[in-house]
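The values are calculated or read from the model by the stated rules, or taken from the named source; none is laboratory data. Note that the coordinates shown come from a computational prediction; the quantities given were computed from them, not determined experimentally. Heavy atoms of the whole protein, side chains included, go into the accessibility calculation; ligands, DNA and RNA do not. Shrake-Rupley method; radii C 1.70, N 1.55, O 1.52, S 1.80 Å.
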Amino acid sequence: MMELLYTKAVHIVFIVTWFAGLFYLPRLMVYAAEAHEMPHGQAREILLKQYMLLQKRLLFGITWPSAVITFFLGARLLMIYPLESWLKIKLVFVFFLYLYHLSLHVFHRQQSRGVFRLSGQQLRAWNEIPTVILVAVVFLAVV
């Protein structure tokens, strides 16, 4: 019983840190995209370099580790809890959240190579996806 409580608590902690990364990473991408649109010059280069560094640190230092730990702790919880219908729906949303996470990884790799396929405005809209998933998952889990 005690293991279950600690597993749930740590799982929630890493969900929170994962979502923090998923919320902030697209904002850094927005800033990088807007810096990319600036006229060529020292300020543009400094900003791009800094935003790429922040993206890399956030993605590989917080967001990916949190996603991996969340996955394994969630898998452990699935071994304990029965797979009810609400949980199956929740797992579909979680699957899409991992796809979203992978899309951010792809965007980061593109931006780090100087390829900016999405504008700042498009990235702002893309940034709303984890909010929708978060609301859906919380309501499924609680209600």
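Points to keep in mind about this one:
- With respect to the conditions (1) at pLDDT below 95; (2) in a helix (DSSP H, G or I), F23 falls short on a single one, namely (1).
- Residue, farthest from the chain's Cα centre (by Cα), within segment 12-34, restricted to residues that are open to solvent by 60 Å² or more (accessible area, probe 1.4 Å) and of a type in the set (S, T, Y): Y31
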